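Take a look at the structure below.
The values are calculated or read from the model by the stated rules, or taken from the named source; none is laboratory data. What you see is a predicted model; the values in this text were computed from it and never measured. Using ideal geometry, Cβ is built from the backbone for each residue, glycine included, and neighbour counts are taken over all protein chains shown.
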Amino acid sequence: MAQDPEAESLQAHRAEHVATLSERWTQALARFDYDGAWLGAGSESFYFQDDHGPRFKPNPYLCQWLDPQFVSPEAKLLLRRDARPQLFLVQSEDYWHASAPLPEHMQAHLDIRTFPDAAAQLAACQAAVSAEETLAHVGPAVADNEAMGDLNPPALLDHLHFGRAVKTSYEIAAMRIASDVGARGHLAAAQTFHAGGSEFDVHMAYLAASQQNEAALPYGNIVAINEHASVLHYQFQERMRPDRARSLLIDAGGEYRGFASDITRTYAAAEGDHDEFVALLDAMQVHQDRLVAGVRPGRTFADLHVQMHEQLAEVLATNGLVTCSAEAAFADGLTTCFCPHGLGHLLGLQVHDVGGHLADAEGNAAPPPEQYPTLRFTRAMETNQVFTIEPGLYFIPMLLERERRNGSAINWDAVDRLMPYGGIRIEDNIRVLDDGVENLTRDAFARVADEC
Ligand code: GLY
Ligand code: MN
Ligand code: MN
């Protein structure tokens, strides 16, 4: 298969990445007394009473070893302590569908065998292990689970989930490229919005510029003009631009070799007078910059999330959205109705990556604070973790009406003026360094701006 230049840049990190995964798995298997583990890709699924279904999304633990483009349904990887992994692929002869390409570049690291159908593959998998071996099976349930070993043992999974938060240099390189993919889409999306495009036009411009079709996106694009921005995961795209477009919130990512970026930008429309909203946008950018500056190894993300609410109270007070002090707005919990989601989440093979609520590799929990139940990431920040920092400020009618009924100290004239803008979110992807951060998103915007 022809290699793209970006894949070649990753190649330099691959051996070290595979060595790290081997070490992590060997250590995890020994700790939980397993001789080995199966990583199963999973199976294709179909819509009810239909012969087609959603895009096949393989088990991320398998994709950590092998780019998803090479992982066909039913693929299985056998890992044993200190042994060379064995990959069992089904490559059926099929004139309806194309087969996944063979991962020849992985032959230095894995034994790869192919089979013409799932039955032959399963027989070979069963023959590859002995009855004396104790095995775990990490992946979606299969018809014959017992033959594969213990299905998703919780303690083993917690251990693996905890470790996955810290990225290898290969993973960080892939996430830089995923960030470039997203940034290209975002630049085109902004141009299309400012040139008068609808949500649908912006979405299509994003896909074309990021060279992704919908199936390749790491998550469905959120393209929200005006009030739609107050719906946190707004999922539709209107074909018509409203008569008075005021704002655009676009939350859209890029995918590269199984790794995701997750980026949000908010803009005021080029036409019309939006000074009050633009002032709020500027304040939110300062707010986000201060939060990124607060990232450091050892500090908990839950603590940074509290800082987010303290600063949001300042934004509300300074911009005349509350009739009380910033301190009182924070103390009364008024900020939660303006930002009901968490400050961010781990990012990697999954957009909301696993392990955010684990305190340690033993599986002890780090639950979100009682007053902030939607926070997905609570644990201590560590060098080479990658996560999002995505503060928001929204005008969500459902939440504001509750405050209006309660007589909360909110400046309703200002809120009513800003309600038609929906809200603001600014989301960057951050890698923790020993002494600061790498902002994958800002760096990507700077790189791709140079391409234009
Ligand atoms: N794109 C979903 C999120 O930001 O979490
Ligand atoms: Mn996010
Ligand atoms: Mn997002």
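Please work out which one of (1) farther than 30 Å from Asp35 by Cβ; (2) touching a residue at least 60 places away in the same chain (Cβ under 8 Å) is the condition Gln191 fails and give its number.
The single condition Gln191 does not satisfy is (2).
Can you confirm whether Thr374 is polar (S, T, N, Q) and more than 19 Å from Pro297 (Cβ to Cβ)? Walk me through how you get there before you give the answer.
On the way: polar (S, T, N, Q): yes; more than 19 Å from Pro297 (Cβ to Cβ): yes.
Yes.
For (1) free of Cβ contacts under 8 Å to residues at least 12 places away in the same chain; (2) away from ligand 2 (no atom under 16 Å from the Cβ); (3) part of a helix (DSSP H, G or I), each residue gets a yes or a no:
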residue	(1), (2), (3)
Thr266	no, no, no
Glu276	no, yes, yes
Met284	no, no, yes
Asp289	yes, yes, yes
Gly298	no, yes, no
Asp303	yes, yes, yes
Glu310	no, yes, yes
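Show me the strands (runs of 3 or more DSSP E) entirely contained within the stretch 42-147 in which 1 or more residues are among the hydroxyl-bearing types (Ser, Thr, Tyr) and outside the structural domain of His352 (by TED's automatic domain parsing).
Output list reads 111-115.
Grab the helices (runs of 4 or more DSSP H) fully contained in the stretch 376-452, keeping just those with 1 or more residues being in contact with a helix residue (DSSP H, G or I) (Cβ under 9 Å, 6 or more places away or on another chain) and within 16 Å of ligand 1 (Cβ to nearest atom).
Working: elements: 397-406, 412-418, 440-451.
Because the criterion is at least 1 residues that are in contact with a helix residue (DSSP H, G or I) (Cβ under 9 Å, 6 or more places away or on another chain) and within 16 Å of ligand 1 (Cβ to nearest atom), the helices (runs of 4 or more DSSP H) in the stretch 376-452 that meet it are 440-451.
Any idea which of (1) free of Cβ contacts under 8 Å to residues at least 40 places away in the same chain; (2) under 22 Å from the mean Cα position of the chain (by Cα) is the one Glu314 doesn't satisfy?
Result: Glu314 passes all but (2).
Please find, among Gly196, Gly185, the residue that is in the same structural domain as Val278 (by TED's automatic domain parsing) and either in a loop (DSSP other than H, G, I, E, B) or modelled with pLDDT under 95 (or both).
Answer to the check: Gly196.
Please determine whether any residue of the stretch 289-308 is exposed (fewer than 15 other Cβ atoms within 10 Å of the Cβ) and over 24 Å from the mean Cα position of the chain (by Cα).
Scanning the stretch 289-308 turns up no residue that is exposed (fewer than 15 other Cβ atoms within 10 Å of the Cβ) and over 24 Å from the mean Cα position of the chain (by Cα).
Asn364 is checked against (1) more than 30 Å from Leu157 (Cβ to Cβ); (2) surrounded by fewer than 17 Cβ atoms within 10 Å (Cβ to Cβ); (3) without any contact (Cβ under 8 Å) to a residue 40 or more places away in the chain and fails just one. What number does that condition carry?
(1)
Please enumerate the residues belonging to the stretch 24-41 that are more than 22 Å from the chain's Cα centre (by Cα) and either outside any helix (DSSP H, G or I) or surrounded by fewer than 12 Cβ atoms within 10 Å (Cβ to Cβ) (or both).
Selection gives Phe32, Asp33, Tyr34, Asp35, Gly36, Ala37, Trp38.
Could you run through the stretch 153-197 and say how many residues are out of contact with any helix residue (DSSP H, G or I) (no Cβ under 7 Å at 6 or more places or on another chain) and hydrophobic (A, V, I, L, M, F, W, C)?
9
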